Amino acid sequence: MSDRGAPPAGGWRTWGERPWVRRLGVAARVLFFAGMIAWMALKVNAIGWREVARSLPTAPLFYVLFVVAFLVLPASEMAVYRLIFARPLPGSLPVLVRKRILNSALVGYSGELYLFVWLKRVIGLSGKTIAIGLKDNAILSAVASGSVTLLLLIGFAAAGSGRRIAAWLDPGPALLIAGAVGAVLLVPLLFRLRRQLIAMPLPLAARVLGIHVARIVLVVLLQATQWAVVLPQEPWNVWLVFLTAQMVISRLPIVPNRDLLFLSAGLEMSGAINGPREAMAGLLLAGGALSQGSNLVFYLLTALWPQSAVAPEDAAAEQAR
């Protein structure tokens, strides 16, 4: 039997570095992006382009809240990585902003690879120290995100919000839906925990976990407030529906540009609100456009931000470990 299609002796890493494999990955991302754009165009066309354009948010607070929510993650990770590596990380903010952009616009955890390369090249930490720190942080972030998502799902069920999207779901067996949601939440977490537990001490892990939980709760509240600014007449359980969908989608592993996926799902669910559907569509499209545009703007801005290397004595101390 021919082994032409099998991975080479060098393993999956060598296999993944083949030019045609890279081209296939790029093509898959382009097809996903094009499919999301086409789907959203059909949904907006069904609502009416003029109606949606007239319903775009005009309140300045909507855009201020977006910028604040965008920067919460890199700002919180500055504190997280200072704790994990027990040292200041000068010049880390633009790098962490880029990490957020890469994870959002490309594939999940591409930002961690970028951060790993930067830390190893500029900060002077050993590769082993960096890898352990990034791995521990990823696990704790997943636990925090999964916990908040679970709380949102409980609130979603307790509020009876499932009825709002029952028609959209064209409901099938409840156990099937529950199983799918459970898989979305558990599979990424089990994937990260499959080999070993975190290496950091429990008190440090608790502090890092607390920062992640606080960060996610803050972003959820900012997102709900941002929507409520545009449609103040809607009850908060409506935003619970969209927040739950957003958090579940954020847990999907290896999905390029999850912002676009949520935008597509949100447009599909826009009929769940009591107010005009075009207003919700305008809100979602504005948020989606801001997400994509801010990725480009902040990526360019961070390219102009000077980066500070680690002090020579710190680098020497790290190499001596």
Scanning segment 127-141 for residues that are within 15 Å of the chain's Cα centre (by Cα) and over 13 Å from LEU204 (Cα atoms) gives ALA138, ILE139, SER141
I'd like to verify a number: residues in segment 131-159 that are farther than 30 Å from ARG121 by Cβ, assigned to a helix (DSSP H, G or I), among the small types (Gly, Ala, Ser) and touching a residue at least 40 places away in the same chain (Cβ under 8 Å), how many? 3
Filter segment 55-78 down to the residues that are hydrophobic (A, V, I, L, M, F, W, C) and closer than 17 Å to ALA142 by Cα, then identify the one that is surrounded by the fewest Cβ atoms within 10 Å (Cβ to Cβ). VAL72
Take the residues in segment 79-93 that are free of Cβ contacts under 8 Å to residues at least 40 places away in the same chain and either among the aromatic types (Phe, Trp, Tyr) or surrounded by 16 or more Cβ atoms within 10 Å (Cβ to Cβ) (or both); name whichever of them is farthest from LEU218 (Cα to Cα). LEU89
Are there any helices (runs of 4 or more DSSP H) wholly within segment 164-248 with 3 or more residues that are modelled with pLDDT of 80 or more, and if so which? 202-230
Looking at LEU65, LEU83 in this structure, which one is at pLDDT 85 or above, out of contact with any His (no Cβ under 7 Å at 6 or more places or on another chain) and over 25 Å from ALA224 (Cα atoms)? LEU83
Looking at (1) at pLDDT 90 or above; (2) under 19 Å from the mean Cα position of the chain (by Cα); (3) within 21 Å of VAL208 (Cβ to Cβ), which is the one condition that is false for GLY108? (1)
Check whether at least one residue in segment 83-92 is within 15 Å of the chain's Cα centre (by Cα) and β-branched (Val, Ile, Thr), and report yes or no. no
Is it true that some residue in segment 39-59 is modelled with pLDDT of 70 or more and in a helix (DSSP H, G or I)? no
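The values are calculated or read from the model by the stated rules, or taken from the named source; none is laboratory data. Note that this is a predicted model, so its numbers are computed, not measured. Glycine gets a Cβ as well: all are built from the backbone with ideal geometry, and neighbour counts include every protein chain shown.
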